[in-house]
Amino acid sequence: MKLLVTIFYAIIFLSSLFSYYLFKKERRRHKQTARLPPGSMGWPCIGETLQMYSQDPSVFFASKQKRYGDIFKTRILGCPCVMLASPEAARFVLVTQPHLFKPTYPKSKEKLIGPSALFFHHGSYHARMRKLVQSSFSPEATRKLIPDIETIAISSLESWANGQVISTFLEMKKYAFEVGILSIFGQLNKTYTYQLKENYSILEKGYNCFPTKLPGTAYHKASMARRRLNQILEEIVRERKENKLVAGNLLGHLLNFRDQKGNTLSDQQIADNIIGVLFAAQDTTASILTWILKYLNDDPKLLDAVKAEQKAICESEYGGNPTLTWAKTRKMPLTYRVILESLRKASIISFTFREAAVDVEYKGYLIPKGWKVMPLFRNIHHNPEFFTDPGNFDPFRFENPPKPNTYMPFGNGIHACPGNELAKLEMFVLLHHMLMKYRWELVGSASLIQYSPFPVPEHGLRVSAPFVLDKIRELAPSLRMVHSINALTWPFCLDSSERVVAINVSI
Ligand code: HEM
């Protein structure tokens, strides 16, 4: 018996030794054959952080790509990084060899969102959570939300139409938050929605701030808000369990989950994934909606064409009924192409981060273990080889599908966006009601880009609040068409020949 045990341990020891030898050999082989990608690591520690932040990051990456090619190294915020600006390299990292690269976020950010949120994970936990999130946001599940999303869109638009100047981005954030809450909880009472909104907005203010436990700082306030969010979510979960309200929304799926051994998810895992989804859903959708309005505003002919499409689809087939259905959204090719082109041109998620889990060799280059790896979506979307005249906003380019792996506004592979159908639907619904019923005007300049952290036009695109066209037509029946309204000249508006017409209305 003793001999058997000794043999067993000897085998374990020898096989460990052998694996270690193979591992070392493999590493040496990489080191001998592969070399680091070209590029500059900048100053010790800070690397090229200052260069990147002192200019538009997309200009920084584009100039590097021009100088070094599609794969180059740099050091940002103390981390050595390999940037990948070709579709093949992005595919290698995200789709074909994703197990070699793990998601990576600063610990301070992970703590605020919640460490169990799916996008911080890799492997079996990620796969299980992803399946669950994907089924909650499948096209079938999303479709059912249309009437409720419409209600939110209509009430958001009505709340803007009070003659003030609004920041489009901030208003779109409110809209996206409400839709996020709807898709996670289904119907949720107003008190909970208010409490979640209040605390979530404190959380996001601290998200990009210096992490410290010092009371009074934005990060500390955010940590406190995160704790309160846990309590609110626990309360909602308790109520839902008590009332057996575990329907087909995300919370329902999280509550119904059982693994192979019958284990359920903990309250913490549920809370982290809910906050994670809210985080992933809000600013992204709000930012792209803001860009869509900017691009349409910059091209009045295109705006008219999109409006005409919206109007035609309702009038021709549905007797003028402005209510949206899934079928209607499938019959708006121009609107859809405007959405696709906005996602390409704005490329609000310019790149993503991964970390090499082992030494990796790609096209003769070594990506050492622990280095950050960044597929650069924006550079690919703005490469003239894949998108002719990429700086031009041209929705008609999507009459033909883009080349494979060149279009990734929602990422690619095992971490690709599970909320993409919902995001597109939110855009369709808001655009439809806004274009059919409202008119707005830009206030001030919108030529610069601000990062918050997603790119948005400066000041979040300030517009004079949308005015209800029908209401104006009703009050000024002599006007054949209200051509333009300016918040500054309110309560005047211009008729189609640009004559100022005074109408004494308050909407
Ligand atoms: C226009 C709006 C949106 C854009 C451009 C966008 C883009 C992206 C991208 C590029 C990724 C992949 C990130 C990576 O690979 O590291 C991603 C992941 C994710 N998105 Fe979105 N997203 C949007 C809206 C939404 C919405 C509405 C939801 C929720 C319903 C959502 C939920 C998620 C989640 C949970 C992940 C993580 C998936 C995983 O790690 O498996 N996103 N999104």
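The values are calculated or read from the model by the stated rules, or taken from the named source; none is laboratory data. Just so it is clear, the model here is predicted, and its values are computed rather than measured. Here Cβ is always computed from backbone atoms with ideal geometry, including for glycine, and neighbour counts include all displayed protein chains.
Descriptive notes on the structure:
- Within the stretch 72-91, being in a helix (DSSP H, G or I), of a type outside the set (Lys, Arg) and surrounded by fewer than 21 Cβ atoms within 10 Å (Cβ to Cβ) holds for one residue alone: 88.
- Filter pass, residue 352 being assigned to a loop (DSSP other than H, G, I, E, B) and either buried (at least 21 other Cβ atoms within 10 Å of the Cβ) or within 11 Å of the ligand (Cβ to nearest atom) (or both): yes
- Only listed residue being assigned to a helix (DSSP H, G or I), crowded, with 19+ Cβ neighbours inside 10 Å and either in contact (Cβ under 8 Å) with a residue 12 or more places away in the chain or among the small types (Gly, Ala, Ser) (or both), chosen from 311, 345: 345
- Hits in the stretch 428-455 (condition: within 16 Å of the ligand (Cβ to nearest atom), crowded, with 17+ Cβ neighbours inside 10 Å and more than 13 Å from the chain's Cα centre (by Cα)): 428, 429, 430, 431
- Number of positions in the stretch 326-352 that are out of contact with any strand residue (DSSP E or B) (no Cβ under 6 Å at 6 or more places or on another chain) and aromatic (Phe, Trp, Tyr): 2
- Boolean, residue 231 is surrounded by fewer than 16 Cβ atoms within 10 Å (Cβ to Cβ), under 17 Å from residue 111 (Cα atoms) and more than 23 Å from the chain's Cα centre (by Cα): yes
- Checking each residue in the stretch 264-294 for being away from the ligand (no atom under 14 Å from the Cβ) and small (Gly, Ala, Ser) picks out 266, 271.
- Checking the stated criteria, residue 116 turns out to be of a type in the set (Gly, Ala, Ser) and at pLDDT 95 or above.
- Scoring residue 69 on the criteria (1) in contact with a Phe, Trp or Tyr (Cβ under 6 Å, 6 or more places away or on another chain); (2) closer than 23 Å to residue 40 by Cα; (3) modelled with pLDDT under 95 leaves a single failure, condition (1).
- Among residues of the stretch 110-133, those that are polar (S, T, N, Q) and free of Cβ contacts under 8 Å to residues at least 24 places away in the same chain, counted: 1
- Sub-8 Å Cβ pairs linking a first residue in the stretch 204-222 that is in contact (Cβ under 8 Å) with a residue 40 or more places away in the chain to a second residue that is aromatic (Phe, Trp, Tyr), at least 6 apart or interchain, are 204/279; 206/219; 211/219; 219/210; 222/207, ordered by first then second residue.
- Listed by first and then second residue, the pairs linking a residue in the stretch 265-287 that is part of a helix (DSSP H, G or I) to a residue that is among the charged types (D, E, K, R) and near the ligand (Cβ under 8 Å from one of its atoms), with Cβ atoms under 7 Å apart and 6 or more places separating them unless they lie on different chains, are 285/426.
- Within the stretch 161-172, tally of residues that are away from the ligand (no atom under 12 Å from the Cβ) and buried (at least 22 other Cβ atoms within 10 Å of the Cβ): 4
- All conditions in (1) surrounded by fewer than 21 Cβ atoms within 10 Å (Cβ to Cβ); (2) away from the ligand (no atom under 15 Å from the Cβ) hold for residue 99, with the sole exception of (2).
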